Amino acid sequence: MVNTVTGEEFSMQKGVEYYSGYTDGESWSEGSASETAYITNIPAGTYFLQMEGTREYTAAYKINNFSVKVVYDAAHYRNFWFAVLLVLIWPLVNYLISSQREKNRWDNSPFSNYKTE
C-alpha cells in the first residue's frame, strides 16, 4: 500500500503455494490455494494498492483467475481467544490444587472416596 500524499509504503510478502498430482494410483495435494494476511497500524489517508505476482511458468498449470479482498478494520479474534485462555488457566490450576489437597486430607481415612494402592 502506498500513501498517495506522502509516498510512504507499507509492504508485505505472502506466498501462496499449492501442489497436486497423481502418483501410483493415488491423488495427492500439498499446501493451500488461498492465504490471509493482515497489515496493521496503517495511518489514516488515501492509499493505492500495488501488487506484484511471480510464479514459475509451467504449461501444465495455468492460472485462470486471481482475486484479492481488501477489508478496512477487519475483526481479528486472536487476542480475544488468548485472553479467554489466560482467564481459564487460574480456575483450572485452582481446581487441581484443591483436588490434590482433598485427596491428601482423606489419605489415611478408611472412609476415603479416593483409591490408593
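The values are calculated or read from the model by the stated rules, or taken from the named source; none is laboratory data. In this text the structure is predicted, and so the values were computed from the model without any measurement. Every residue, glycine among them, receives a Cβ derived from its backbone with ideal geometry; neighbour counts consider all protein chains shown.
Observations
- Top-ranked residue of segment 4-61 - restricted to ones that are of a type in the set (Phe, Trp, Tyr), part of a loop (DSSP other than H, G, I, E, B) and modelled with pLDDT of 80 or more, ranked as farthest from the chain's Cα centre (by Cα): Phe10
- Any hit, segment 17-24, residues being in contact with a Phe, Trp or Tyr (Cβ under 7 Å, 6 or more places away or on another chain), over 23 Å from Asn65 (Cα atoms), in the same structural domain as Asn65 (by TED's automatic domain parsing) and of a type outside the set (D, E, K, R): no
- Among residues of segment 86-114 being outside any helix (DSSP H, G or I) and of a type in the set (Gly, Ala, Ser), the one that is farthest from Thr40 (Cα to Cα) is Ser109.
- Qualifying positions in segment 7-16 - more than 24 Å from Ser67 (Cβ to Cβ) and either of a type in the set (Val, Ile, Thr) or exposed (fewer than 10 other Cβ atoms within 10 Å of the Cβ) (or both): Gly7
- Residue match in segment 69-84 (condition: outside any loop (DSSP other than H, G, I, E, B), surrounded by fewer than 10 Cβ atoms within 10 Å (Cβ to Cβ) and touching an Asp or Glu at 6+ places or on another chain (Cβ under 9 Å)): no
- Some residue of segment 35-46 being within 18 Å of Ser11 (Cβ to Cβ), among the charged types (D, E, K, R) and loosely packed, with under 10 Cβ neighbours inside 10 Å: no
- Selection of first residues in segment 64-85 that are under 24 Å from Tyr47 (Cβ atoms) and of second residues that are hydrophobic (A, V, I, L, M, F, W, C), restricted to Cβ pairs under 8 Å at least 6 apart or on distinct chains, gives the following pairs, ordered by first then second residue: Val68/Leu49; Val68/Met51; Val70/Leu49.
- Residue match in segment 44-52 (condition: touching a Gly at 6+ places or on another chain (Cβ under 7 Å) and free of Cβ contacts under 8 Å to residues at least 60 places away in the same chain): no
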